[in-house]
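Here is the structure we will look at.
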Amino acid sequence: MGIEVIVEGLTKSFGKQTVWQDVTLTLPPGEVSVMLGPSGTGKTVFLKSVIGLLKPERGRVLVNGVDMVNGPERDIYQTRKLFGLMFQDGALFGSMNLFDNIAFPLREHTRKKESEIRRIVMERMDMVGLVGSEGKLPGEISGGMRKRAGLARALVLDPQIILCDEPDSGLDPVRTSYISQLLIDLNAQIDATMLIVTHNLDIAATVPDNMGMLFRRELVAFGPRELLLTSDVPVVRQFLSGRREGPIGMAEEKDEATLALEQLTDGATVPLAPPAVAPQLEPSPGMPPRQAVQRRKARVLAMWDQLPAAARTAVQAGLAPVQGEPA
Ligand SMILES: Nc1ncnc2c1ncn2[C@@H]1O[C@H](COP(=O)(O)OP(=O)(O)OP(=O)(O)O)[C@@H](O)[C@H]1O
């Protein structure tokens, strides 16, 4: 089962610029979480801080009891091996074929024999649908294939926590749907804790168990997907509906005067209908059921009293028994 990641009071700055402050959340073990936020709000910085590649000034990130911020470097290095990291561009070595790219972490970090490495690499390539492309160079394949190769490489060390930075960037909507399904299928197969950073609304609506959003140097919210998908917090509603009206501006947050002017226009005053919550993706036929589903159900029911009515209704709709399944 995946490992819980506890983030407490995390604050990160570069010089005088605070990227975000006092971020507190828990990634539940084996569940899929998505972190949303407009460009430049520090989503990538957050991922890098979770894995200990960047050092926030305050707070801690606990993984298996190790603080990835201030713990001993030796422990951080060991704990990092529990992670699989999928970078935005796949981060493949251009001069290596896909097989060697995916085998790289095994050759670097383990003493496995080549025959064992071949078995693992082929198994992971099969998981992401790349068998037959072992000999291709990254420059010879499509962006979607590069993403999948990046994902296969993130999987070779059997990670218990997977971090994905914008798995959709540069992909068309159809390829993005395939990646979404692949992420759910992977979760069903390996039950790893997953954190996906994205601004893709389809991924946000259909993939995660939990969702968070960064804005104005704060974590606006983090919780079950239904909480954010039905939220009436203006910035969350604006982001999830992709509207211009609201606190998020083109280059940066809008100033007070622009916002006040918007309040006077019809577009901003017409209330949005409560959003319909799309069903979460199920694993593909033939995949095992996601083990996180039952754990999440118990967790969400335990926080029932704290959920607003709209979120409860959406949770109930999602819990309705599927035909042929016990309630
Ligand atoms: N190493 C660094 N040194 C200085 N500033 C940095 C560094 N890394 C990131 N930043 C700044 O931190 C802020 C957040 O960057 P980040 O890449 O995390 O945003 P993001 O939310 O992932 O954006 P996008 O969605 O556009 O990828 C930006 O203002 C960026 O310029």
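Which entries in the list Lys81/Lys112; Lys12/Lys55; Lys12/Lys48; Lys81/Lys297; Lys43/Lys81; Lys12/Lys43 go over 19 Å, if you measure between the two C-alpha atoms of each?
Pairs exceeding the cut-off: Lys81/Lys297; Lys43/Lys81.
For the chain, report the % of Cα-Cα distances exceeding 38 Å.
Above the 38 Å cut-off, the chain has 16 percent of its Cα pairs.
Given the peptides 180-193, 288-301, arrange them by the average over their residues of other C-beta atoms within 10 Å, most packed first.
Ranking the peptides 180-193, 288-301 by packing returns 180-193, 288-301.
Show the residues, 5+ positions off or on another chain, whose built amide H is closer than 5 Å to the amide H of Ala221.
Distant-sequence amide H within range of Ala221: Met213.
Quick one: which residues, 5+ away or cross-chain, put their amide H under 5 Å from the amide H of Ser13? H built at 1.01 Å from N.
HN-HN under 5 Å from Ser13: Val19, Glu57.
Which whole-number percent is the relative contact order of the chain (Cα, under 8 Å, 6+ apart)?
Here the relative contact order equals 21 percent.
Give the lysines whose C-alpha is closer than 17 Å to that of Lys147, dropping any in the same chain fewer than 8 places away, or say none.
Lys136
So for the chain: antiparallel DSSP bridges make up what percent, rounded to the nearest 5?
Bridges in the chain are about 55 percent antiparallel.
Where a number appears in this text, it was derived from the coordinates with a stated rule and is not lab data. Small disclaimer: the values here were computed from a predicted structure and weren't measured. Glycine also receives a Cβ, built like all others from the backbone with ideal geometry; neighbour counts cover every protein chain displayed.
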